[in-house]
1. Filter the chymotrypsin sites (Phe, Trp or Tyr not before Pro) in region 154-246 to those in DSSP coil with at most 10 other Cβ atoms within 10 Å of their Cβ, and list the result.
2. Work out, step by step, the length gained on full extension between VAL58 and LYS341: first 0.36 nm times the residue separation, then minus their alpha carbon distance; give nm to one decimal.
3. Between region 169-235 and region 366-388, what is the C-alpha centre distance in whole Å?
4. Based on DSSP H runs of at least 4 residues, each adding -39500 (n - 2.57), what is the mean residue ellipticity at 222 nm of the chain after dividing by all its residues, to the nearest 500 deg cm²/dmol?
5. Can you tell me the orientation of helix 113-126 relative to the chain, as the angle in degrees between its alpha-carbon axis and the longest Cα principal axis, to the nearest 10?
6. What nm value, rounded to one decimal, do you get for the distance between ARG210 and HIS46 when each label is placed 7 Å out toward the C-beta?
7. Across the chain, how many lysine pairs, 8 or more positions apart or on different chains, have C-alpha atoms separated by under 29 Å? Please give the number.
8. Relative to a virtual label point 7 Å from the Cα of TRP110 in the Cα→beta-carbon direction, which members of region 324-366 show backbone nitrogen distances below 14 Å?
Amino acid sequence: MPPGIDPERLAALLEAERANWIRARPRAAALHERARRSQLHGTPQHWISQFPPPVPLVVDRAAGARLYDIDGHEYADFGMAATAALWGHDHPAIVAALRDQLDKGSVTLWPGEDHVAVAEELARRFGLPFWQFAVSATDANRFAMLLAKVTTGRQKVLVFNRAYHGSLEQAAAVLTPDGMIPEPGVELNGVDVRQTTKMVEFNDLGALERALAPRDVAAVLAEPVMTNGGAVIRPEPGFHAALRDLTRRTGTLLIIDETQTIPAGPGGCTREFGLDPDLITLGKPIAGGIPAGVYGMSDAVAAAAERYTEHGDGGLGSTMAGGPLAVRAMRAVLTEVMTDKNYAHMGRLAERYERDIAAVIAEHGLPWHVGRLGGRVSYAFTPSPPRNAGQLYPRVGAAARDALWLYLANRGIVINAMSGGALMSPMTAESDVERHGALFAEAISALTGREGRR
């Protein structure tokens with residue numbers, strides 16, 4: 001139970017909101033029952049069954065920063081498909097590019113001018129000279145780690161506890177008081193993380209130095225800011241400089257995964273923080289909703305990769321990686337959507353969203369905090385931002401997150417169903433941010449049983 005919440009009120013609110021959700025969505029409920037006969041848990045992705053609503057939200061269409069379900073409800077969407085729809089569900093520049101490319105073919109297995117233009121723009125934004133294409137961020141991370149092993153001749157990788165790098169087998173582990181173990185609920189799947197992976201807490205430079213000292217780690221794979229687990233966990237002053245120094249001193253490559261942190265700015269945290277990694281990975285939002293990923297590399301890594309792939313594919317890439325449809329969408333995103341103007345809009349709305357939440361927390365005297373990274377906002381049930389994700393586990397406040405999600409969604413506001421976080425898009429309306437603030441205040445009053453201090 002998160003501190004400051006009345007448990008009886010929480011239980012009553014959760015029960016009422018679940019009942020209201022089901023009652024107002026008969027078509028979604030019927031479709032869910034039908035889906036149980038052909039899909040795991042009755043959902044196309046099994047983890048959707050773990051989201052707050054007792055019956056999944058069934059989308060009929062999505063437009064701008066809004067969702068419309070099959071039962072006739074309209075929602076302001078702040079979840080934005082967990083950054084995959086960061087630029088909006090139908091941004092005109094992306095839609096026009098896709099329509100044009102569909103008339104020219106969706107997949108050819110041959111290069112085009114768009115590939116060169118996209119790689120050049122990625123190099124300009126992120127500073128690494130060579131880029132390759134993948135179908136997802138997970139694949140981009142997998143290929144980047146393979147190239148790190150090829151370049152260094154080492155086999156182990158290091159990741160930070162509870163970081164999110166997609167369904168990457170080598171990252172499916174967690175730290176416990178007894179050391180690193182496979183992540184609960186994840187089978188070893190032929191990859192024994194105890195043999196392939198080292199893990200330390202984010203911001204723990206001492207543990208990082210000890211882990212890298214044997215010089216057996218090919219690469220550190222890191223989110224520059226951790227956003228998984230319901231909080232924005234920022235690097236402490238000097239952390240990234242020390243991380244880069246330690247990796248260089250031990251002959252370890254540094255991979256920065258920007259997939260969740262691209263809301264920070266037009267060049268992600270790499271540009272915002274002045275980072276200098278050996279490889280960069282990025283997926284989800286880069287093609288505006290078309291499955292895609294990219295990975296960039298330094299001259300040294302590219303030279304090793306060229307030698308490695310001189311006489312074969314090396315286990316890199318796939319038929320659909322870099323398909324013309326995805327790459328055309330990437331070009332539109334990079335040249336027409338990921339602009340300073342759009343980021344300014346996203347940042348301004350995120351600041352308003354953050355202020356509204358912070359004001360409610362302060363008014364009720366709740367020992368919670370809210371954090372922001374560019375256009376991304378998250379609140380967590382701790383009095384100050386954690387320095388690592390391990391401090392968020394075991395999870396506190398799951399029922400409160402569910403209740404808040406349902407309260408908002410039953411009134412037309414959808415936030416991230418896993419973390420409760422929010423994303424601003426270039427198509428987000430300020431009136432929806434204002435409405436969220438008012439509804440969040442109502443929900444907290446209902447959960448605490450008192451009005452704010454003002």
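1. Counting only loop positions with at most 10 other Cβ atoms within 10 Å, none of the chymotrypsin sites (Phe, Trp or Tyr not before Pro) in region 154-246 qualifies.
2. Computed gain between VAL58 and LYS341 is 98.6 nm.
3. So the separation of the two Cα centres works out to 22 Å.
4. Rounded to the nearest 500, the figure is -11500 deg cm²/dmol.
5. Long axis of 113-126 versus the principal axis of the chain: about 80 degrees.
6. Rounded to a tenth, the inter-label distance reads 3.5 nm.
7. Qualifying lysine pairs in the chain: 7.
8. 324
Values quoted throughout were computed directly from the atomic coordinates according to the rules given, and no laboratory measurement underlies them. Everything quoted here is computed from the prediction, not taken from an experiment. Ideal geometry is used to build each Cβ from the backbone, glycine not excepted, and the neighbour counts take in all protein chains shown.
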